[in-house]
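Worksheet: one structure, shown below.
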C-alpha cells in the first residue's frame, strides 16, 4: 500500500468482507467477488447497513464494490492490479473449533475445491501481484510456481506472487 501503488484490489473470495474492509480502510479501492448467492446477499445487506452509519464508515464502504459471480469468469474482464485469494482452509491440525462466523461461511459456501484453478487464472490476469492467504503451515501448491515472497503471521501466511 506504499506510495499509492496497487490501490485497486480484487478480493476474489469475498466471504464476509473482512479483508476487503481493512484494505478499503487503508485507502484502496476494493472489488469484492462472491459466488455464493446466500453469502453475497448477507454481504450486500451488511454493506447497505454500514453505509447508513455515515462518516468514516460510509467513506470506507464507498471504496468497496460487490459483484456476484464466479471470480474465474469475472477476473478476466477486470484486468486487476492486485488479486487477493483467501481460500476456505480445509486442513486443520488443531482440534479447537474455528470461530462461529467462519463456521457459518464454511457451511454456506462449502469447500474451495477449485482454488488452484482460480489461482492460475488470477496469475494470468493480475497486472502486479496475486496474494494467497493460507494457514501458516499450509503445504505449497505443486501445480503453481513458487511465490515471490511470503508475509508470515502467527497463524496465517500470505504467499505473494509478483506478476509484472
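Laboratory data are not the source of any read-out in this text; all were calculated from the coordinates shown. This is a predicted model, so every value here is computed, not measured. Note that we place each Cβ from the backbone using ideal geometry, even for glycine, and neighbour counts take in every protein chain shown.
In table form, for the structure just shown:
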{"item": "Cβ crowding within 10 Å averaged over residues, with 48-59, 66-77 ranked highest first", "result": "66-77, 48-59"}
{"item": "Net length gained if the chain between residue 29 and residue 158 were fully extended (0.36 nm per residue, minus Cα distance)", "result": "44.5 nm"}
